[in-house]
Amino acid sequence: MKEYNTSSEEERITEVLDAMRAAQGETFSLEKVNLAELERRTGVSRARLRRLKENGFEFKPHGNKGRKAEKTVLTGYTGTIDTLLIAGVTNSSVILERLQDRGFLGSLTVVKEYIAAHRNLVPAKRQLVAPQGNRGRRYTTKPGESFQMDWGFVKVQDPYGNEYTAACFAMICHHCGERYIEFFPNARQENLFIGMIHAFNYMGIPEYVLTDNMKSVIIRRDLDGRPVWQVDYEAFMKKVGFKTKLCKPRHPFTKGKVERLVRFVKDNFIVGRTFWNVTDLNRQALDWCDTQNNTFHKATFGVPHTVHMNACAPKLRAVSREMELRFYLCPPRRISFDGFINYESRRFGVPYWYKRSVARVMRKDDLLYIYSDDLSQLLVTHGVTWSLRDQYCADQYSQLPQPEEYPSMPVTSTIKLLQKPVSTSAFDKFDFDKGVNWDD
């Protein structure tokens, strides 16, 4: 279908009509304009010129100009966009993803136009008043040489309106940007080890891991400035086979990628996210990582997963399947006097026949496994319901013999048991057990 540029079309027709009026003089008449000549000189179709001639070549606005459709592709979704804009989320890709989860079928352009028209909902940004300082050089590494790791913290609201803090472990390849995140109820050292092993399984083991001065990593520095590693972390480094480099505090040039990843998780993944439990949240986090790792990134000018497999993977080592690493994946827990262990703020029952005072626990997907302290025996398996109620196991308590009294003197009292009396009541016809031998 031929489209017209109305403004230039009006100018062309007016210009040609003025030229024809000047050439014809007093004999010129709009009612007798030669449409074939006007079409040749303006390039406008004769059918359109005929309609304009009927209106005396008066250009009027379209009859539907200014009217808006009562129902658009955004109808029913504007409230979600407004909520995100009020929360400070202006990333059109994030908003489109949230809308698509709710059944939105529109395009990214529609979302961008709506955001541009409702910028007044976005809270004002913080004004920078402090100088930026001198220019620095970013820290670069070779493929597979180092990963960066850090913790991030978010607020979780339960269905009853209560809030509690959850920790997000983040690790990213310094060279290609391959990323991995996992959520835990807290940022204890045992969860750090679990998150690092899972990240190494996902990406491989590098030569170095860059981190800040975590309490679970470093205790202090000696007089020469060398780090004094936390004992368990030092043993973990030697067992897995990597080294650790500590970064300067408040200096994002060395560990800025993982800090940016934590902020990206909060601005992209967390926004409007709902989940049933931490297992469901980690499933969604892994799907999000797969999506981001297979998306083109301008920072690396490539797809992170492709660059990681081609350049970084040949330089990385696979995680060993030795038994010792299972001790890090199954942290120890002391058994209480009533037969429970406490894991992630919930209590789970242990069988009574297990006589030791310590057991090991591992959560995988929707199941919680309780092992003996040497991991030689699986004691019991619990379903992770994330209820605050205690979860008992089938044989948590032994069946003790009940005390029973016996006669101390010979029994001389006797009572007599009679047969069932024969009844002649009118209700006998409703005795359906009569004449039926239930032992057959």
Here the residues within region 256-278 that are in contact with a helix residue (DSSP H, G or I) (Cβ under 6 Å, 6 or more places away or on another chain) and either surrounded by fewer than 16 Cβ atoms within 10 Å (Cβ to Cβ) or closer than 12 Å to D150 by Cα (or both) are E259, F275
Can you pull out the residues in region 382-440 that are within 30 Å of K364 (Cα to Cα) and modelled with pLDDT under 65? W386
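Give K257, K248 a once-over and let me know the one that is under 27 Å from the mean Cα position of the chain (by Cα), of a type in the set (K, R) and modelled with pLDDT under 90.
Working: K248 fails: under 27 Å from the mean Cα position of the chain (by Cα).
Among K257, K248, only K257 is under 27 Å from the mean Cα position of the chain (by Cα), of a type in the set (K, R) and modelled with pLDDT under 90.
Across region 215-234, what is the number of residues that are among the aliphatic types (A, V, I, L, M) and in contact with a helix residue (DSSP H, G or I) (Cβ under 6 Å, 6 or more places away or on another chain)? Give the steps one after another, and end with the answer.
Of the residues in region 215-234, the ones among the aliphatic types (A, V, I, L, M) are 217-219, 223, 228, 231.
Retained after the next criterion (residues that are in contact with a helix residue (DSSP H, G or I) (Cβ under 6 Å, 6 or more places away or on another chain)): 217.
Residues meeting the conditions: 1.
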What strands (runs of 3 or more DSSP E) completely inside region 279-385 contain at least 3 residues that are touching a helix residue (DSSP H, G or I) at 6+ places or on another chain (Cβ under 8 Å)? 358-364
Answer yes or no as to whether F253 is more than 30 Å from D101 (Cβ to Cβ) and surrounded by 17 or more Cβ atoms within 10 Å (Cβ to Cβ). no
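Take region 187-228 and flag every residue that is among the basic types (K, R) and either surrounded by 18 or more Cβ atoms within 10 Å (Cβ to Cβ) or under 21 Å from L325 (Cβ atoms) (or both). First the steps, then the outcome.
Quick first cut of region 187-228, residues among the basic types (K, R) only: 188, 215, 220-221, 226.
Result: R188, single match.
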Within region 337-365, track down each residue that is among the charged types (D, E, K, R) and surrounded by 14 or more Cβ atoms within 10 Å (Cβ to Cβ). E344, R346, R347, R360, R363
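The values are calculated or read from the model by the stated rules, or taken from the named source; none is laboratory data. The shown structure was predicted, so the numbers you read here are calculated from the model rather than taken from an experiment. Neighbour counts run over all protein chains shown; Cβ positions are idealised from the backbone, glycine included.
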